[in-house]
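In what follows, a single structure is set out as structure tokens and then discussed.
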Amino acid sequence: MRVSKLFMTTQREIPADAEIPSHQLMLRSGMIRKCASGIYSFMPIGLRSYKKVENIIREEMDNAGAQELIMPALLTAETYQASGRWEKFGPEMFRLEDRGGRPFCLGPTHEEPFTEAVRDTIKSYKQLPVTLYQIQHKYRDEKRPRFGVIRAREFVMKDAYSFDVDEEGLDKSYQAMYKAYRRIFDRLGLDYTVVDADSGAMGGSGSQEFMVKSPIGEDAICYCDDCGYAANEEKAQCTVPEKDNSEALPMEKIHTPDVKTIEELMAFMNTEPSAFVKTIIYNIDGKIVAVMVRGDREINETKLTNLYDATELTLAAFDDVERVTGAKVGFAGPIGLKEKIEVVMDNEVSSMANFIVGACETDYHFKNVNIGRDFTPDKIADVRNAVEGDACPKCGKPLKMARGTEVGHIFKLGTKYSDALGCVYLDKDGRENTMIMGCYGIGVSRTLAAIIEQNHDDDGIKWPVVAAPYKVIVVPTKVNDEENMSLAENIYNRLIEEGVEVLIDDRNERPGVKFKDADLIGIPLRITVGRRASEGIVEIKYRATGETAEVSVEEALVAVRNLG
RNA sequence: CGAGGUGUAGCGCAGUUGGUAGCGUACGUGCUUUGGGAGCAUGGGGUCGCAGGUUCGAAUCCUGUCACCUCGACCA
């Protein structure tokens, strides 16, 4: 390809609304253009890199025995109604109507249509197992799209679904996907961690996330250096500490005027935040619930959502808090609630004794509160975030924390969807059984951004060879010099004959401009045809290392072949 | 959803007390340049987000609306 003909424009300046390197560089290098918040078009060189990633995924999925197909992105409401997800997805789903007013949506994920397709196609155990996948645009009306294609509203996802006769079969299908995923991310040269994810309310027996380590990652990961345990912060289990068997002291009501925050309360009472239990009032699908965690902990809304199998979970409005507690915000507690609401207590609190809570009365707290004697919670569950230093749920050693971006997720689904949609098969004995499912996703466009996050410098992208839009760029420094230009053309043509993806920067620009652009778009190897063109000597420069050498044309061609 | 902010040329930004729009860059042309985003000259490109209103006159003031961005989703 000739750069003079390439549909591309690079930008010298950093676009004002891009925060992170991958987003800035994708815009500056002309890979993508924004159409609306969280919606991007891919321009030719962006698409080429995107396709590299897509093809690696496709190859490894095919190698693992999965079969590719493609489902509609535009789906009827009925598709999601049988599983209950038409309601459950809530405002994240892009919904629309056809001319007859019939409800449709743009698919956010495709368990249902795949399950239907298998249900309608497969009748016998002889046809199982089967793993199907597609690489397709997905639509989610994110609350807050950000970081370019990392959190977008339209994005490309590879989603796969396995169907097996039993758990043992599911284990095999799942392992095949696990191995395929490792090969994919290994081939892409990503620095990633596989993290155990709790399968939560979805049931099933396992789930793992592939996290690319990155300081700008949206997910926090907990991990244990000792036993190798690793989990998403949202999913990391918190162990129940040893019970505090201190003798229960008499409960006291304490006047705490103008003490609103934990800090003020601790200063006032001269105690640690861990001696306090805060009670937070939530609105869970319209139901008001009180949630109790230790004063220095964070409530994990994912765990709470799973506990209630909820769709919408928000902090309760101030009005609700004041009505339910009969006090100003800041004095909620489990004792003396004015309305009968459910009280959820975190596991950790169950081992505490003689703690402090809000008194459900403005300017008062209770001291020396004890479970059972002073109040009884309706539910006891793990509803807090794990923190650095927590005991590892596997080996008990202290956990560490890091950040990452989720690029892949594999999940043993079980029979949630096959049950709901009647996806069954006949076994050897002619009996009907429900298929056991797994689902496996990779964010393709997001992976592309993750590669850039891990492969860039101040000058631009440093594409790994496998994901580069072109492997080589030939840069003649003087296009008006016949000797210079004809040597460059010669090298260009020979590389094309060898089937190498190559650019020639035939623009009548100054060398500096061409070098800057080559660096920005991140072509792995540059062949500069310059001063010593008449001697048949060119310069090669590797983008990744900055290494340069003056070599003969033949040696340059060898360097290209060795790129891999 | 809450709070704040911004909408003016492809991109980055100015625009004063209201008087009919500018700078840098990018783009076109010419000449000089040619190994790390050149210089000079010249030119094209804007319903100032949109809709109302005030005014002789609005990018500027008022109202509404839309879009986009950031922070927060959290401690009771």
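The values are calculated or read from the model by the stated rules, or taken from the named source; none is laboratory data. Everything numeric in this text was worked out from a predicted model, so none of it was measured. Cβ atoms come from the backbone with ideal geometry, glycine included; neighbour counts cover every protein chain shown. Surface areas here come from the heavy atoms of the whole protein model, side chains and all, with no ligands, DNA or RNA. Shrake-Rupley method; radii C 1.70, N 1.55, O 1.52, S 1.80 Å.
In this Cβ point-charge picture (+1 for Lys and Arg, -1 for Asp and Glu), the range A:198-323 has a dipole of about 240 debye about its Cα centre.
Looking at chain A, the pairs of alpha carbons with a distance over 31 Å make up 60% of the total.
Where nothing but the Cβ of Lys and Arg (+1) and of Asp and Glu (-1) is charged, how large is the charge dipole of chain A around its Cα centre, in debye to the nearest 20?
Computed charge dipole of chain A: roughly 1140 debye.
In a reduced charge model with +1 at each Lys and Arg Cβ and -1 at each Asp and Glu Cβ, the range A:252-381 shows a dipole moment near 320 debye about its Cα centre. Computed from Cα positions, the angle between helix A:111-121 and the longest principal axis of chain A comes to roughly 80 degrees.
What does the net charge come to around A:Ala220 if you take all other residues with beta carbon closer than 10 Å to its beta carbon, with K and R at +1 and D and E at -1?
Here the count lands on -4.
Remark on chain A: A:Cys35, A:Cys105, A:Cys222, A:Cys238, A:Cys360, A:Cys423, A:Cys439 stand apart, with no other cysteine beta carbon under 4.7 Å. Annotation: the antiparallel percentage among DSSP beta bridges lying fully within the range A:252-381 is about 65.
What does the charge count near A:Glu68 come to, summing +1 for each Lys or Arg and -1 for each Asp or Glu among other residues with Cβ under 15 Å from its Cβ?
-2
If you roll a 1.4 angstrom probe over the protein chains with everything in place, what fraction of the accessible area of chain A belongs to carbon and sulfur, to the nearest %? Percent of accessible area from carbon and sulfur atoms in chain A: 47. Charged neighbours of A:Leu128, selected by a Cβ distance under 11 Å, balance to -1 (K, R count +1; D, E count -1).
Shown here for the range A:358-410: GluC sites (Glu not before Pro) in loop regions (DSSP other than H, G, I, E, B) with at most 13 other Cβ atoms within 10 Å, namely A:Glu388. Roughly how many Å is it from the Cα centre of the range A:448-462 to that of the range A:49-83, as a whole number? One Cα centre to the other: 27 Å. Between helix A:482-497 and chain A there is an angle of about 60 degrees, using the helix long axis and the longest principal axis of the Cα atoms.
Of the chymotrypsin sites (Phe, Trp or Tyr not before Pro) found in the range A:373-429, no site is in coil according to DSSP while having at most 14 other Cβ atoms within 10 Å of its Cβ. What is the range A:470-561 by shape, rounded, prolate or oblate, if you read a ≥ b ≥ c off the alpha carbon gyration tensor as root eigenvalues and call it rounded for a/c under 1.5, prolate for a/b larger than b/c, and oblate otherwise? The shape class here is rounded.
Suppose all protein chains stay in the model; what accessible area per residue would a 1.4 Å probe give for the range A:223-295, in Å²?
Averaged over the residues of the range A:223-295, the accessible area is 54 Å².
Between the residues A:Leu557, A:Leu525, A:Asn480, the greatest Cα displacement towards the positive end of the dipole of the range A:470-561, with unit charges on the Cβ of Lys, Arg, Asp and Glu, is found for A:Leu525. Among the listed pairs A:Lys172/A:Lys400; A:Lys51/A:Lys143; A:Lys51/A:Lys158, those with a Cα-Cα distance over 22 Å are A:Lys172/A:Lys400; A:Lys51/A:Lys143.
Select from the range A:290-328 those GluC sites (Glu not before Pro) which occupy a DSSP coil region and have at most 15 other Cβ atoms within 10 Å, ordered by residue number.
Filter output for the range A:290-328: A:Glu298, A:Glu312.
Looking only at trypsin sites (Lys or Arg not before Pro) in DSSP loops with at most 13 other Cβ atoms within 10 Å, what is the longest site-free stretch of chain A?
A:432-564
Beta bridges assigned by DSSP with both partners in the range A:470-561 are antiparallel in approximately 55 percent of cases.
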